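Student: Can you read through this structure? Questions will come right after.
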Amino acid sequence: MAASSVIDNPLSGEHIVIHAGATDELLVWELFLAPGGAVPSRHQHPRQEERFCVIAGQMRFRVGRRSMTVGAGEAVVVPPSTVHHFANAGARTAHVVVETRPALDMEAMLRTAAALARDQQAAGRAFPRPVDLALFLRDFEQEVTAPYLPPRLVQLALRPVVWLARTRHLDVGYRAVRIP
């Protein structure tokens, strides 16, 4: 990637700038989170550590069982396989620099999540289609997993849903928006 790229998620209020020069080991991205914005749900990254450095504004984090509000100059580190959630805790856009180690396919995951959110918003749905969520979790199982459930159990539960979606062509909508 020669230059920075931008990802907008209309449902979460995330405006993400991915910086050029990502390696297999590190992806650096800037998060601009609108007031009231939040990552859509609690989640965990099975193999990745995330480091959030707040540049401006206030962010509320839940990391494991610990809740905290942090401001400019403060950082939060989320170890691999730790359930977490974050939201803008202030009245203005929060600016955060995020480091994800290892990068894996995190950029494609962020792009696909935003594309699914745009599709969901355009269709006026309150929630994502369950088949889209199952395909997303299957495609990005190295990058994100559902919280509180053993990843192997989630993979086993998703297998028949993914098979049915693909054999019955229920994955057409997802494949149309998935970003490689």
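Student: Under a plain spin-label model, where a point goes 7 Å from the Cα along Cα-to-Cβ, how far apart in nm are residue 74 and residue 19?
Tutor: So the label points at residue 74 and residue 19 sit 2.3 nm apart.
Student: For every helix of n ≥ 4 consecutive DSSP H residues, a contribution of -39,500 (n - 2.57) applies; sum these over the chain, divide by its total residues, and give [θ] at 222 nm rounded to the nearest 500 deg cm²/dmol.
Tutor: On the way: 4 runs with 51 residues, N = 180.
The per-residue figure over the chain is -9000 deg cm²/dmol.
Student: Enumerate the residues in region 128-145 having an amide nitrogen under 12 Å from the point lying 7 Å beyond the Cα of residue 47 toward its Cβ.
Tutor: Zone members listed by number: 140-144.
Student: Taking θ = phi - 60°, what integer Hz values does the Karplus form 6.51 cos²θ - 1.76 cosθ + 1.60 yield along region 75-92, in sequence order, with x for Gly and Pro?
Tutor: Coupling constants for region 75-92: 10, 10, 10, 10, x, x, 6, 9, 5, 8, 7, 8, 8, 6, 9, x, 8, 10 Hz.
Student: Run the quick spin-label model on residue 149 and residue 4: label points 7 Å from Cα toward the beta carbon, then report their separation in nm to one decimal.
Tutor: 3.7 nm
Student: Then there's this: Using the Karplus equation 6.51 cos²θ - 1.76 cosθ + 1.60 (θ = phi - 60°), what ³J(HN,Hα) coupling, rounded to whole Hz, does each residue of region 28-43 give in order, writing x for Gly and Pro?
Tutor: Working through the residues one at a time gives 10, 9, 9, 10, 10, 10, 5, x, x, x, 7, 4, x, 7, 5, 7 Hz.
Student: Sticking with this one: Which distance in Å, rounded to a whole number, links the C-alpha centroids of region 87-143 and region 160-180?
Tutor: 17 Å
Student: Could you pull out the chymotrypsin sites (Phe, Trp or Tyr not before Pro) across region 119-162 that fall in loop regions by DSSP (anything but H, G, I, E, B) with no more than 10 other Cβ atoms inside 10 Å?
Tutor: 148
Student: Given a 10 angstrom Cα cut-off, can you work out which residue in 123, 146, 113 is the most mobile in a GNM of the chain?
Tutor: Maximum among the listed residues: 123.
Student: Related question: Counting only Cα atoms, I'd like the Rg/Rh figure for the chain, Kirkwood definition for Rh.
Tutor: The Rg/Rh ratio comes out at 0.96.
Student: Calculate what fraction, in whole %, of the accessible area of the chain sits on carbon and sulfur atoms when a 1.4 Å probe is rolled over the protein chains.
Tutor: Of the solvent-accessible surface of the chain, carbon and sulfur hold 58 percent.
Student: Quick one: if you stick a label point 7 Å off each Cα along the C-beta vector at residue 172 and residue 55, how many nm between them?
Tutor: In this crude label model, residue 172 to residue 55 measures out at 4.3 nm.
Student: With springs connecting C-alpha atoms under 10 Å apart, model the chain as a Gaussian network and identify which of 125, 47, 138 has the largest mean-square fluctuation.
Tutor: Looking only at 125, 47, 138, the biggest GNM fluctuation is shown by 125.
Student: Pull up all non-local amide H partners of residue 74: gap of 5 or more, or a different chain, and H-to-H distance under 5 Å with H placed in the peptide plane.
Tutor: Amide H neighbours of residue 74, under 5 Å, 5+ apart: 54.
Student: Near the amide H of residue 83, under 5 Å away, which other amide H atoms are found, from residues 5 or more places off or on another chain, if H is placed in the peptide plane?
Tutor: Correct list: 64.
Student: Search the structure for amide H atoms under 5 Å from the amide H of residue 146, placed 1.01 Å from N in the peptide plane, and list their residues when 5 or more places away or on another chain.
Tutor: none
Student: What's the local net charge at residue 100, with K and R +1, D and E -1, over the other residues with C-beta under 11 Å away?
Tutor: -4
Student: Have a look at 71, 18, 116 and report the one farthest towards the positive end of the charge dipole of the chain, computed about the Cα centre with Cβ charges (Lys/Arg +1, Asp/Glu -1).
Tutor: Towards the positive end, the residue furthest out is 116.
Student: What does the accessible area per residue of the chain come to in Å², with a 1.4 Å probe and no ligands, DNA or RNA counted?
Tutor: I get 51 Å² per residue for this part.
Student: Pop out the ³J(HN,Hα) list for region 161-175 in order, Karplus 6.51 cos²θ - 1.76 cosθ + 1.60 with θ = phi - 60°, rounded to Hz; leave Gly and Pro as x.
Tutor: 5, 5, 4, 4, 4, 6, 6, 9, 6, 7, 9, 4, x, 5, 4
The values are calculated or read from the model by the stated rules, or taken from the named source; none is laboratory data. None of the values given here were measured: they were computed from a predicted structure. Glycine also receives a Cβ, built like all others from the backbone with ideal geometry; neighbour counts cover every protein chain displayed. In case anyone asks, the SASA skips ligands and DNA or RNA and just uses the protein heavy atoms, side chains included. Shrake-Rupley method; radii C 1.70, N 1.55, O 1.52, S 1.80 Å.
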